[in-house]
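Student: Sharing a structure here in C-alpha cells format.
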Amino acid sequence: MKYFLSFFFLFLFGFTYLQAQNIGIGIEAQKYPAGHILSGRVDIGVGNYNTFNIRVGYNFARHEDFGVHQDETGGGWGGTLGYRHYTSPNKSNWFLGIRTDLWFNTIDWIDFINQPDEVRGTTDIVVLQPVIEGGYGLLLNDRILIAPSVAFGWEWNIKVEGSDVGEGAIFLGGIQVSYRF
C-alpha cells in the first residue's frame with residue numbers, strides 16, 4: 001500500500017505539472033538530399049519561450065552515390081531529443097533550436113552496378129545526428145501550430161556492422177504540424 005500511495009502521488013504530481021505546461025503533439029516531415037524522415041513528436045513547454053521535444057520516427061535513406069558505395073539505400077527507426085527557443089511567449093514566431101537524433105539504420109549497398117563483378121552488401125549502422133535548427137511557428141486558432149524549419153548538422157556512423165557507408169554534413173528542410181493542449 002505504501003508503494004501504491006507513493007506511485008499515486010508521484011503520478012498526480014507529474015500529471016498536474018504537465019497540465020500546467022504547454023504540451024503539443026504532432027507530426028513532422030523532413031527532407032534532405034539523401035532521404036527523408038517522417039516522425040511523431042511531443043513538445044513540452046518550459047517557461048514562456050522554450051520547449052523540449054521528443055520525436056520517434058523512420059529515416060528513409062537514399063544515399064545513392066552520396067555515400068561510400070555507388071548506391072546506398074535503406075532506413076531505420078530512431079528518435080530525437082531537442083530544445084527550441086522562441087522569440088514570442090505564445091511560440092508563434094521565429095525559433096532557434098538544437099537537437100540530436102539517433103537512428104538505427106540498415107543500408108543495402110551496391111558497387112560496380114551492372115558489371116560482371118557487381119558487389120552487393122548490407123550494413124547495419126547507428127547514426128548520431130546533432131543539428132542546429134531555425135524556423136517560424138505559425139499558430140492557428142491558439143491550438144494548431146504549423147512550423148516550417150531548416151536544420152544543419154553532421155551525421156556520424158557511431159556503430160558500423162559491415163562495410164562503411166556514407167556519413168557527413170547534413171542539411172534538412174521540414175514542416176511540423178502540432179496540436180497544442
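Student: Tell me, which residue of the stretch 111-137 that is at pLDDT 95 or above and among the aliphatic types (A, V, I, L, M) is farthest from VAL56 (Cα to Cα)?
Tutor: VAL119
Student: Just to be sure, is ILE27 under 15 Å from the mean Cα position of the chain (by Cα), assigned to a strand (DSSP E or B), β-branched (Val, Ile, Thr) and surrounded by 16 or more Cβ atoms within 10 Å (Cβ to Cβ)?
Tutor: no
Student: Could you list, ordered by first residue, the pairs with Cβ atoms under 8 Å in which the first is in the stretch 24-37 and at positive phi and the second is surrounded by 14 or more Cβ atoms within 10 Å (Cβ to Cβ), at least 6 apart or interchain?
Tutor: GLY35/ASN59; GLY35/PHE60; GLY35/ALA61; GLY35/ARG62; GLY35/HIS63; GLY35/GLY75
Student: Residue check, VAL119 against (1) closer than 27 Å to THR106 by Cβ; (2) touching a residue at least 12 places away in the same chain (Cβ under 8 Å); (3) among the β-branched types (Val, Ile, Thr), all met but one. Which one?
Tutor: VAL119 satisfies every listed condition except (2).
Student: Still on this structure, please answer the following. In this structure, is ASP111 at negative phi and touching a residue at least 40 places away in the same chain (Cβ under 8 Å)?
Tutor: Spelling it out, ASP111 is indeed at negative phi and touching a residue at least 40 places away in the same chain (Cβ under 8 Å).
Student: Just to check your reading of the model, which residue among THR106, THR122, THR100 is among the hydroxyl-bearing types (Ser, Thr, Tyr), under 19 Å from the mean Cα position of the chain (by Cα) and under 23 Å from SER163 (Cα atoms)?
Tutor: THR106
Student: A further question follows. GLN129 - would you say it is touching a strand residue (DSSP E or B) at 6+ places or on another chain (Cβ under 6 Å) and under 18 Å from ALA169 (Cα atoms)?
Tutor: yes
Student: Related question: It is to be established whether one or more residues within the stretch 38-60 are on the phi > 0 side of the Ramachandran plot, small (Gly, Ala, Ser) and touching a residue at least 24 places away in the same chain (Cβ under 8 Å).
Tutor: No, because not a single residue in the stretch 38-60 is on the phi > 0 side of the Ramachandran plot, small (Gly, Ala, Ser) and touching a residue at least 24 places away in the same chain (Cβ under 8 Å).
Student: Next up: Looking at (1) at pLDDT 95 or above; (2) under 24 Å from the mean Cα position of the chain (by Cα), which is the one condition that is false for ARG143?
Tutor: Single failed check for ARG143: (1).
Student: Across the stretch 130-181, which residue is surrounded by the most Cβ atoms within 10 Å (Cβ to Cβ) among those that are within 25 Å of ILE107 (Cα to Cα) and among the charged types (D, E, K, R)?
Tutor: Restricting to residues being within 25 Å of ILE107 (Cα to Cα) and among the charged types (D, E, K, R), the top hit is GLU155.
Student: Follow-up. Can you name every one of the strands (runs of 3 or more DSSP E) wholly within the stretch 67-144 that holds 1 or more residues which are hydroxyl-bearing (Ser, Thr, Tyr)?
Tutor: Strands (runs of 3 or more DSSP E) meeting the threshold: 71-86, 94-111, 119-136.
Student: Also: Quick check on my filter: what residues within the stretch 126-180 are more than 19 Å from ALA29 (Cα to Cα), out of contact with any Asp or Glu (no Cβ under 7 Å at 6 or more places or on another chain) and of a type in the set (Val, Ile, Thr)?
Tutor: Of everything in the stretch 126-180, those that are more than 19 Å from ALA29 (Cα to Cα), out of contact with any Asp or Glu (no Cβ under 7 Å at 6 or more places or on another chain) and of a type in the set (Val, Ile, Thr) turn out to be VAL126, ILE158, VAL160.
The values are calculated or read from the model by the stated rules, or taken from the named source; none is laboratory data. Bear in mind the structure is a predicted one, so any value in this text is a computation, not a measurement. Because the Cβ atoms are built from the backbone with ideal geometry, glycine has one as well, and the counts that use them run over all protein chains shown.
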